[in-house]
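Input: a single structure, listed below in structure tokens.
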Ligand SMILES: [Ca+2]
Ligand SMILES: [Ca+2]
């Protein structure tokens, strides 16, 4: 269980020009403690002055842009070991955060917020870190692909849906992306990827149910598209960087 590829000493205050408080330093994760099952991070932020600060907190977003906890995570300058704060009143605010080993691998984003005594709230800094949950990673698997065998295009564009059912032993949230590449009749592969979505947006992407492991894409073909056999290679990649075996299908356009 380890954090890897930590950011360098990080110090990127933003939007502090109007405030009395100024960010002096933001923590970096060169050192961390960990237990057998979970890891602990100790984000902290130090200000040059705290006279007009009422409250300091952070939000942590997962690689999937979800908060790791529903509410704000308060930072304290109270000298409390429970907050990982070493010295009370030294203008450095801290928290101890448990990074559970069920969290997905990847880059997490911490945003630091301050509310001042006029109740104005500002995001004052942010940082990213790479989290390795210590579980052995297993490559995703494309279980099946659904697509028409043959499409007959008449006068008007024809819409159709392709979808891939994908599994990952580390959980569906470990799946970073599912895509296909195509080879048109009598042409080399373009290599460009078309993403499939598991967002439940049927209108835009043709996906019936969000987060069920079925990744979909609505496509359309016009009478102007070349007739012949199109090759589709579907692949999935997980957040640990492992890829599935490609699944190849052919669609005949008449
Ligand atoms: Ca995996
Ligand atoms: Ca779906």
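Brief remarks follow.
- From the options 222, 165, residue that is outside the structural domain of residue 66 (by TED's automatic domain parsing) and at pLDDT below 95: 222
- Condition check for residue 160: touching a residue at least 60 places away in the same chain (Cβ under 8 Å) and outside the structural domain of residue 38 (by TED's automatic domain parsing): yes
- Restricting segment 194-211 to residues that are within 19 Å of the chain's Cα centre (by Cα) and assigned to a loop (DSSP other than H, G, I, E, B), the residue that is nearest to ligand 2 (Cβ to nearest atom): 198
- Being over 19 Å from residue 98 (Cβ atoms) and either modelled with pLDDT under 85 or assigned by TED's automatic domain parsing to the domain that holds residue 89 (or both) is a property that residue 47 has.
- When each of 66, 115, 102 is tested for being out of contact with any strand residue (DSSP E or B) (no Cβ under 9 Å at 6 or more places or on another chain) and more than 16 Å from ligand 1 (Cβ to nearest atom), the lone residue that passes is 66.
- Any hit, segment 216-239, residues being touching a helix residue (DSSP H, G or I) at 6+ places or on another chain (Cβ under 7 Å), more than 16 Å from ligand 2 (Cβ to nearest atom), under 30 Å from residue 134 (Cβ atoms) and not in a strand (DSSP E or B): yes
- Selection from segment 207-227 of residues that are under 20 Å from residue 247 (Cα atoms), away from ligand 1 (no atom under 16 Å from the Cβ) and surrounded by 14 or more Cβ atoms within 10 Å (Cβ to Cβ): 207, 214, 216, 217, 218, 219
- Within segment 58-91, the set of residues being in contact (Cβ under 8 Å) with a residue 24 or more places away in the chain, closer than 17 Å to residue 123 by Cα and either touching a helix residue (DSSP H, G or I) at 6+ places or on another chain (Cβ under 7 Å) or buried (at least 19 other Cβ atoms within 10 Å of the Cβ) (or both) comprises 58, 60, 75.
- Filtering 173, 184 for residues that are within 22 Å of residue 247 (Cβ to Cβ), crowded, with 17+ Cβ neighbours inside 10 Å and in contact (Cβ under 8 Å) with a residue 12 or more places away in the chain leaves a single hit, 173.
The values are calculated or read from the model by the stated rules, or taken from the named source; none is laboratory data. Here the structure is a predicted model, which means the values were calculated and not measured. All Cβ positions, even for glycine, are placed from backbone atoms using ideal geometry, and neighbour counts span all protein chains on display.
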